[in-house]
Every structure is written in structure tokens, then in C-alpha cells.
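In what follows, a single structure is set out as C-alpha cells and then discussed.
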2 protein chains.
Amino acid sequence: MSQFWSKIVHSLTPYVPGEQPKMGNLIKLNTNENPYPPSPKALVVMQEATDESLRLYPDPNSDSLKQSIADYYHLESEQVFVGNGSDEVLAHTFQALLNHDKPLLFPDISYSFYPVYCGLYNINHKTVPLNARFEIDVNDYIQDNGGIIFPNPNAPTGIGLPLQSIEDLLQQNPSSVVVIDEAYIDFGGESAVALINEYPNLLVVQTISKSRSLAGLRVGFAMGHTDLIQGLVRVKDSFNSYPLDKLATLGASAAMNDKVYFTDTCARIINTRKKLTRQLEALGFDVLPSQANFVFSQHPKHCAEDLAKALRDNSIIVRHFKAPRIENFLRITIGTEEECTQLIQSLDSIISSQ
Amino acid sequence: MSQFWSKIVHSLTPYVPGEQPKMGNLIKLNTNENPYPPSPKALVVMQEATDESLRLYPDPNSDSLKQSIADYYHLESEQVFVGNGSDEVLAHTFQALLNHDKPLLFPDISYSFYPVYCGLYNINHKTVPLNARFEIDVNDYIQDNGGIIFPNPNAPTGIGLPLQSIEDLLQQNPSSVVVIDEAYIDFGGESAVALINEYPNLLVVQTISKSRSLAGLRVGFAMGHTDLIQGLVRVKDSFNSYPLDKLATLGASAAMNDKVYFTDTCARIINTRKKLTRQLEALGFDVLPSQANFVFSQHPKHCAEDLAKALRDNSIIVRHFKAPRIENFLRITIGTEEECTQLIQSLDSIISSQ
């Protein structure tokens, strides 16, 4: 606390990201990173661009990257917004599009950054409980609101919502901006990008941190009607002219263009997820049906927090949230086949000895 | 305008950065980039780090970079904040430390992003006119205020303020945060970092975009009392967990550590500035005394806007601001010796033919 802080600072409860440990030799299954390297083409492009031209400012609009994203999704580049990771894109979205008199709605169990943004921008919000199966029911969002946001697939549950439900939601809420946060969409979900040209109130947010293996680069993007994109641009241009550096712009663009590598690595992760799910179930775990690059799982006889600690003693880190309804769950990122095999062996041994 | 925009978006007047032209073969003296390449050591570090580890999130706190900055300035790393360019650092500063009931003060002629941040965060502000010689007079800031910010050297004038004046200002305003924006300090000014341990209300903001030749990387930083830094961290952690990517963190750190290269390139720019100033004066220009990597200059007989257009026809771009008091000035970035020679030749020929 300081007399010099602006009033808002005193009331903030900052987001706490998953640990990024500085020691090596860990099996790191705690922050949903991709176990496979980035596209080799992206790495080559970045290495070649690391030259004296870095003395110059980058393109403030990252036009080449917007074009790559637009090409990938068959959109116009004016329907694309880019930012310094999807967290920055979401922050601008909360400020530019989700601050209205009526409350913003999001699920009670969801990305825990959402209430933090509401605190930062003083946004009136209300949580809507997931149903008993931890699913989003779009009928629960038929109520007065100033906007709706949730991840699809949801985090940390991994449960996806069919495209038809998203379309129902958009039709039920034509005066509200509906933000679908698709950080994990490429691991088996149906993207709402297909609905952008029909619904001017739809914004889809994605990232290259997960399915494109470039968490270290910090690039996220949003797609929607040009009115929504223009709102985001106005805030971005009032915040930071050049949020994306030259290397990030080029690397992200190359990763978007390398569809073969992307498709292959996503398919490998989906296969590993299926296998891991079966193996966890064989150990007695309940595993929520995941369309993401992680599984959310609980064991009826073992405390999640204890399991996480025991795994850590075996140099395997997973994520545990001390939050109502989910405190007995572990969120486990899909690693390589080998990493998941080691996880299962560790869990087997921990469970047998407890 | 859109029904979906938050209220604040309608009233924004976004900042317009200097042009980043996409055509080559230009002499680009419009956005105060360094004419010399980044430290070769920084480039090597970044090239080597462009590998498969980019699949992982970076250190959310950029500890290694904070330590390099702290080492450079003989501070503790807890006195350092880092962000995605000094524009982001400034944005967080406005939100975290400069939003109070009393008005924020800054000069009438200054970095034109300041009023934009005030619009974004709804900050009450008041401009204080520079004196007739375009200088900041700290006595003009002895008035009720909720904070003070200005660049030193000031932009776009280039005029620096002695350290004693900054200390007077701090003593006159013990209840206000005083932010000294030192984007251009390394080209001849006296940094206020020397006062940080004495004045808990002082925040110094710097960037690696100018004197460290890394505008393409987007890294800025702030230094001050830990209370001020903690206020910034609280806002940053409520906005974006990972604002600096791995390559930017490593490259910036290497650039901070390479003092020999830094000292040499800054000295070259200062020498070129002195020579360019003499040459401009020989052509009849008035040149404000600059401690920055640019000069601010007007010709008593020639209109600045016309001169800028004529230079552009000769493939030389400089910056012209259509703003009261300075509309007949050109802001000219210090280029290489060769670039400045070409500029002088062009101006000579333009002036002779008008």
C-alpha cells in the first residue's frame, strides 16, 4: 500500500500464472504448453530476421501477421486484431467492448484472469454456474447482460461447446458482445470463426501459445466484425503503438502459414490425450471429456493437492486450483508420449503407496 | 462508432506514431531510431535463443533483465519494472500512479502520448506552458497537482533539464509522483536515477529503443522506490502475465550489459548532432539546444511543412507536428554522418530554389 498509488491499485487482486520453474529436469505439465517445438520454418524466419534492422521500430499494425491469420481463416485482414499474447488481447477486449452498465457474464469455473480484468477496468460482472457435469449451458445466459465471455473449450475443465450452442447464444443475445476465447480450440473443438460473417456481436480470441508452440513469443489475436476490431484498435493505439516486436510478428506469421506441421502436432497431442485419459481412468480417476491440450481429472479416493505434491517430489508438476467445486481436481497438460507414460507410472506408484 | 463499444472508446483520440514506411531506399530521420545496429552481442544471444524452448512461456517477471538494469544503475532489482516498450510502461504508470483527484501536470509541448493515456484512464490533467525559450521551468509546477510527468530531455524540443532542477521539483512536490521520462537521456542528459534512493516519489522511465538501438524489440523499463514499482507490478499482473517474450528479455539484457558498444555509439551520435547543428545554423536554421538524438529546428524564411514535403520528394523523411507553437519546426533524427550530409545537401538545394 502506498499513498502514491492510484485508487484502483489498492483494490486489485492480480492474476497468478502457473509456475515457470527455473530448474531443469522437470516434466512440466502445469501451464498447457505444447510438448513439441515450434514450426522449424518459424524458427528459421526469426533467426534470419535477428539482424541490424532491429534498430528500427516494427510495423505498428503488424499487417503481415494480420494477413496470415486472415488467409488461414478466409477473412479480411480488417477483421483481425493482434496483440502481445491473448492476455493483452483479452485485456483490451474487456476495456473496449465489455464495460457496460449491465453485468458481464462468465462461468463460475473458467479462466481466472476474467475477474482480474473486471477489477482493473471496474467492470460490473456476474458469474454463471456451470451445470453439475461442469458444462456451460447457454440457456443460463438468457438474462440481462452487458456482454458474455468464456473459453471454448472451457478452462480448466477442457469441455467444449458445439458450434450450434454458440450460435444459439449469439441469437439469444444480439445486443451483447459475445467473446469466445479459443485458446484451446485446435485440439478438437469447433471454432466459432465460421460464424463471424453472420454475427456482428461475435469476437473470437485465439493465441499462438498453445497449438502453435510459441508461448515464448507472446502473440494472440482476435477476429470479428470490423466494428469490434476498430474498437480494439482504438484502445490499442491509446495504450501502445507497437505491441508486437518484429521477430514475434514474423515468427507468428510463419507459424500460421505452416499448416502441415501444425496439423501433425495437434493430431499427436489429441492421440496422446486419448491414451492418457484411458490410462488415468484405469487408475481410478474421473476424467472430464477434454477437447483441449490438457485433462481435468479427480480421483475419488485421493486428495488432489496431495497428489500434486507427491508428483512434484517425482519432478512432475501439474496444476491444482484451490477454488470451490474444483479443489479435488488436477489439471494435467498433455505432454509427449514419454512424459505422459512417466506421469502414469508416478501416479500408479503414488496411489499404490498411499 | 458502434453500439458494442464501451463508453470510453467513443471519446478516445488515439496516438499517431511516426510513419514506418514499407518502401526501402529512404533516409529515415522521423522516429528517432538509432542509426547504428544493436550490440552484436545482443544479436548473437537472440539468435542462439531462437530454438525449441520458445514452446515454453517466458519468465513472467523477466528477472534476468531486471538484474541487468539494476546492475547497470547500481540499484536493487526490486527497484526495477520492465514492460513491452516504454509506451506500455508509461501506460501502466498513468493507470497505477498518476490517477488522482488533483490534476496531473505536464508541459504543453511534450510527448503527445500523455494526453492520450489521460483519455484512456479518465485522468484529470492540466498542461503547463514551456517558457518562451521552450524550456521547462520547474517553478511553474509549484501548484496543486496529483502528479507530474515530462520527458528529460523534453520531446520534441530536445532541451534537457539539469539534475538540480529535477531535485528542486521533487522537493517542491513531496506528495506527488514525479515521472521523468528519460527516453533520450543517454545522448547527453543527466539521469535522475541518481536521486531514486533519496526521493520515494520519483519514477524514472527509460527504453532500449533509442540509445540501445533495439526499437524493433519493444522493451522499456522504470526505476524507483519499491512502493512505486509494486504499484506498477500490481497493474501489470492484472493486465498481462508475460509482457516480455524470451528473446526480448535476453536481447535487452545483453544490450544493457554491453557498455563499451553503447558508449561508443552514443558518442558518435552526439558528435554528429554537434556537426549537424552547425550545418543547419549555417543554412539559417534556428536549432534548439539538444541533448537528444534529434534536433528541433525552424527556418525563419521557410515553412516547415513545405520543407518536410520537399525533403520527402528527395527520399528523406523527418517529423513535422501540426501543433500550436511548434508548427514551423522540424524534428530531425540524428542519422549516420553520411545521412546527415545528404540531409544538409538536400536542404541547401531546397532552400536555394525556393
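Only the coordinates and a few stated rules stand behind these numbers; no lab work does. What you see is a predicted model, and the numbers here were worked out from it, not measured in a lab. Don't worry about glycine lacking a Cβ; one is built from the backbone with ideal geometry, like all the others, and counts go over all protein chains shown.
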For B:Glu19, place a label point 7 Å out from Cα along the Cα→Cβ vector, do the same in each other copy, and report the separations in nm, one decimal, smallest first.
5.3
Which number gives the lysine pairs in the stretch A:11-147 that have C-alpha atoms under 30 Å apart and are eight or more places apart or on different chains?
4
Taking every DSSP beta bridge that has both residues in the protein assembly as shown, what percent is antiparallel when rounded to the nearest 5?
50 percent
Selection from A:Ala192, A:Thr226, A:Gln206 lying farthest towards where the dipole of the stretch A:150-235 points positive, charges on Cβ:
A:Gln206
Zone reached by a paramagnetic label modelled 7 Å from B:Lys102 Cα along Cα→Cβ, restricted to the stretch B:109-148 with backbone N below 11 Å, covers B:142-148
Before rounding to the nearest 500, sum -39500 (n - 2.57) across all DSSP H runs of length at least 4 in chain B and divide by the residue total; then give [θ] at 222 nm in deg cm²/dmol.
-11500 deg cm²/dmol
Whole-angstrom gap from the stretch A:150-175 to the stretch A:263-305, using each part's C-alpha centre
22 Å
State the answer as a single residue: which of A:Asn124, A:Tyr72, A:Leu217 lies farthest towards the positive end of the charge dipole of the stretch A:40-257, with beta carbon charges of +1 for Lys and Arg and -1 for Asp and Glu, about the Cα centre.
A:Leu217
Could you check which residue among B:Asn240, B:Asn32, B:Asn257 shows the biggest mean-square fluctuation in a GNM of chain B with a 10 Å Cα cutoff?
B:Asn240
Quick check: net charge around A:Ser297, other residues with Cβ under 15 Å of its Cβ, Lys/Arg +1 and Asp/Glu -1?
+3
Rounded Å value of the spacing that divides the Cα centres of the stretch B:205-248 and the stretch A:310-331:
32 Å
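Let's see if you can work this out: charge +1 on each Lys and Arg Cβ, -1 on each Asp and Glu Cβ, no other charges. What is the dipole magnitude of chain B about its Cα centre, in debye to the nearest 20?
It works out to roughly 840 debye.
Could you compute the net charge surrounding A:Asp137? Neighbours are other residues with a C-beta less than 14 Å from the C-beta of A:Asp137; K and R count +1, D and E count -1.
-3
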B:Lys259 label points, 7 Å along Cα→Cβ, one per copy: pairwise distances from this copy to the rest in nm, shortest first?
5.4
Peptide B:211-222: average number of partner chain Cβ atoms within 10 Å per residue?
5
Length gained, B:Met23-B:Asp168, 0.36 nm per residue minus C-alpha separation, equals 47.5 nm
Quick check: Cα centre of the stretch B:7-64 to Cα centre of the stretch A:2-21, how many Å?
26 Å
For B:Asp306, inter-copy label-point distances (7 Å, Cα→Cβ), nm, shortest first, read 8.7
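Quote the FRET efficiency, to the nearest 0.05, computed for A:Ala323 versus A:His10 with a Förster distance R0 of 25 Å and r equal to the Cβ-Cβ distance.
0.60
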Take the Cβ-Cβ distance between B:Gln345 and A:Leu283 as r, set R0 to 56 Å, and report the resulting FRET efficiency rounded to the nearest 0.05.
0.10
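Name the longest site-free stretch of chain B, where the excluded sites are trypsin sites (Lys or Arg not before Pro) in a DSSP loop with no more than 15 other beta-carbon atoms within 10 Å.
Result, exposed sites excluded: B:134-300.
Restricting to chain A, compute how many DSSP beta bridges are antiparallel as a %, nearest 5. Can you show the working numbers first?
On the way: 18 of 35 bridges.
Roughly 50 percent of the beta bridges in chain A run antiparallel, per DSSP.
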